[in-house]
Amino acid sequence: MTTVLTRTPFAHTWLRDPWSTQSGATEGLVPAADVYREGEDLVARLDLPGIDPADDITVEVEGRRLVVRGERKDQRSEESEGRRISEVRFGSFRRTVTLPQAVDGDAVRASYDAGVLTVTVPGVFAGTTPRRIEVTTAA
């Protein structure tokens, strides 16, 4: 006698219900970031809308690490009884970027405009040249 079991391997993924609380979304605030090389400089852009940059963002250089930390405070009133879905994250965050070499923290520049924090680490790639590595395929 043969028993056939029906299995749905992705039954509990976000594909089934994108509004589900089991969608794999991380808890807390994890701001989206783009980190890229611009000439000899490293540029990090973080999406941080709704944050007061003067009071709620700290940018530091710790050896070979660029550290951005901060907090988005919940300014909503508790009288929001009609709200059914809340996707806006609040709380503290910390994002770290490893630098190719130690840098002088005094040279690092940070600016905040239209909800985007841009941090520039000048000269961190000085003296380095990207080298293309050939990718081979299996026979």
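The values are calculated or read from the model by the stated rules, or taken from the named source; none is laboratory data. None of the values given here were measured: they were computed from a predicted structure. So basically every Cβ, Gly included, is an ideal-geometry build from the backbone, and we count neighbours across all protein chains shown.
The rows are residues; the columns are (1) without any contact (Cβ under 8 Å) to a residue 40 or more places away in the chain; (2) of a type in the set (D, E, K, R); (3) touching a Ser or Thr at 6+ places or on another chain (Cβ under 8 Å).
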{"residue": "P31", "(1), (2), (3)": "no, no, no"}
{"residue": "Y36", "(1), (2), (3)": "yes, no, no"}
{"residue": "P53", "(1), (2), (3)": "no, no, no"}
{"residue": "V61", "(1), (2), (3)": "no, no, no"}
{"residue": "L66", "(1), (2), (3)": "no, no, yes"}
{"residue": "R72", "(1), (2), (3)": "no, yes, no"}
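Restricting to the range 50-68, count the residues that are in a loop (DSSP other than H, G, I, E, B) and more than 17 Å from the chain's Cα centre (by Cα).
So the count comes out to 3.
Matching residues to (1) under 21 Å from E40 (Cβ atoms); (2) at pLDDT 90 or above:
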| site | (1), (2) |
| --- | --- |
| R64 | yes, yes |
| R72 | no, no |
| R83 | no, no |
| F90 | no, no |
| Q101 | yes, no |
| D104 | yes, no |
| V108 | yes, yes |
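How about the range 35-57: which of its residues are β-branched (V, I, T) and within 19 Å of A102 (Cβ to Cβ)?
V35, V43
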